[in-house]
Amino acid sequence: MTQVRHDWRRDELMALFALPFNDLLARAHTAHRAHHDPNAVQVSTLLSIKTGGCPEDCAYCPQAARYQTGVQAEKLMDVDTVLERARAARDAGATRFCMGAAWRSPKDRDIPKVAAMIRAVRALGMETCATLGMLSSSQAQALKDAGLDYYNHNLDTAPEFYGEIIHTREYQDRLDTLEHVRAAGMKTCCGGIVGMGESREQRAGLLQTLANLPEHPQSVPINRLVQVEGTPLHGTALLDPFEFVRTIAVARIVMPKSVVRLSAGRAEMSDELQALCFFAGANSIFYGEKLLTTDNPDVEHDRALFKRLGLQPMQVDVREENPRTAHADIVERCAAA
Ligand code: SAM
Ligand code: DTB
Ligand code: SF4
């Protein structure tokens, strides 16, 4: 079994990145098999519950109010619409439902409405995840009390590159939110974006920071930048796809027990590139036609890809805390599809 470490040095990660591709993939895949079913992939569906109009300046993001990207600002969705969308996602085979809001941080008055969404989604027998921006400890506790399983809050990039991407909040703010989430007893979903013009050293820096957190995030989304016209990062030089696979492989090696999500960017990836990512240790995807505002592969395509690769949706069991769940049904429905 690969040892779980929290003391990774930058040069060690750089040495992993520099391995011959086949050696790196062999190491990553061995670590993957030691801790995970290599043919099981966790399936989450995303929904934007509050779109656009965000006051932050994240250079990659189509939802920042200051960039002209064509995304229209909308109000917080009502609970019934969220529930309807979650039910459809569950019936299509998703086992986790992730609700995203284009906020710097939620206002206290937003929390009861989001809590109602979380309760409703959980009552469907799905795992719940939310990404709402920075959280105070009391907000984190209120979300936990509503039944939130995961909170997604990304570090996005290496500490030394962060200042080139976001100016409206600090790296430390992100670390503080993650601490509030952990202290409230929720699982963290935390990763970043590659392909933003960062160097390999900075990709290593992101993974090093993630791996040296007090607890490895249970879920690690690795996003490949979705270039949206109107954002400052539109037109950034494309990352070599093999370098993307290397990033997944290094994430797998340094956080061997975490579930690594092949996150945004799949719509622009070939099936072969995705298959390499699954071999390198990715074992989670977003499933459904949309991410938050941009396109994701359609469900028929993903079902066919799973079938061609012999992949199965990862089973989850939330019954202990929610006796109404008949979760096996969901997994069977997806397998039959
Ligand atoms: N507003 C909240 C926040 O920033 O924490 C939650 C939603 S925000 C859209 C969640 C994450 O989506 C960001 O941290 C970033 O990693 C990812 N993301 C946003 N735009 C992206 C893009 N164009 N390509 C890839 N990932 C993106
Ligand atoms: C994450 O790491 N990636 C997701 C989710 N967490 C919230 C978001 C990707 C957003 C891609 C751009 C968009 O669709 O707006
Ligand atoms: Fe706002 Fe989140 Fe987009 Fe940044 S990533 S602009 S905080 S929605």
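Here, each number is a calculation from the coordinates, and none is a lab measurement. Computed from a prediction, not measured in an experiment: that's the story for all the values here. Cβ atoms come from the backbone with ideal geometry, glycine included; neighbour counts cover every protein chain shown.
Points to keep in mind about this one:
- Inter-centroid distance (Cα atoms) of the stretch 110-178 relative to the stretch 221-290, Å: 21
- Put a dot 7 Å past the Cα of Q218, heading toward its Cβ, do the same for Q72, and the two dots end up 3.7 nm apart.
- Selection of trypsin sites (Lys or Arg not before Pro), the stretch 24-116, meeting DSSP coil and at most 16 other Cβ within 10 Å: R66, K75, R104, K107
- Placing pseudo-labels 7 Å out from each Cα toward the beta carbon at S137 and E170 gives an inter-label distance of 1.8 nm.
- The stretch 1-155: Cα Rg divided by the 2.2 N^0.38 Å rule of thumb: 1.28
- Under 5 Å between amide hydrogens, built in the peptide plane, is the criterion, and for L46 it picks out C98, Y287 among residues at least 5 positions away or on other chains.
- Net length available on complete extension from A304 to S199 is 34.3 nm, with 0.36 nm assigned per residue and the Cα-Cα distance removed.
- The stretch 210-304 - charge dipole about Cα centre, Lys and Arg +1 at Cβ, Asp and Glu -1, debye rounded to 20: 440
- Extension gain, T30 to K257, is 80.5 nm, computed as 0.36 nm per intervening residue step minus the present C-alpha separation.
- Here, the stretch 16-106 yields an orientationally averaged convex hull projection of 9.5 nm² when only Cα atoms define the hull.
- Contour excess over end-to-end distance, with Cα ends at D57 and N22 and 0.36 nm allotted per residue: 8.7 nm
- At q = 0.11, 0.15 Å⁻¹, base-10 log of I(q)/I(0) for the chain (Debye sum, equal scatterers on each alpha carbon): -0.67, -1.36
- Beta bridges by DSSP in the chain, antiparallel share as percent, to the nearest 5: 5
- The chain: calculated mean residue ellipticity at 222 nm from DSSP helix runs of at least 4, using -39500 (n - 2.57): -12000 deg cm²/dmol
- Figure legend: label point modelled 7 angstrom from the Cα of R109 along Cα→Cβ; residues of the stretch 39-79 with amide N under 19 Å from it are 50-51, 53-55, 74-79.
- Applying the Kirkwood pairwise sum to the alpha-carbon positions of the stretch 90-169 produces a hydrodynamic radius of 13.8 angstrom.
- With each label modelled as a point 7 angstrom along the Cα→C-beta vector, the E84-A183 pair spans 4.0 nm.
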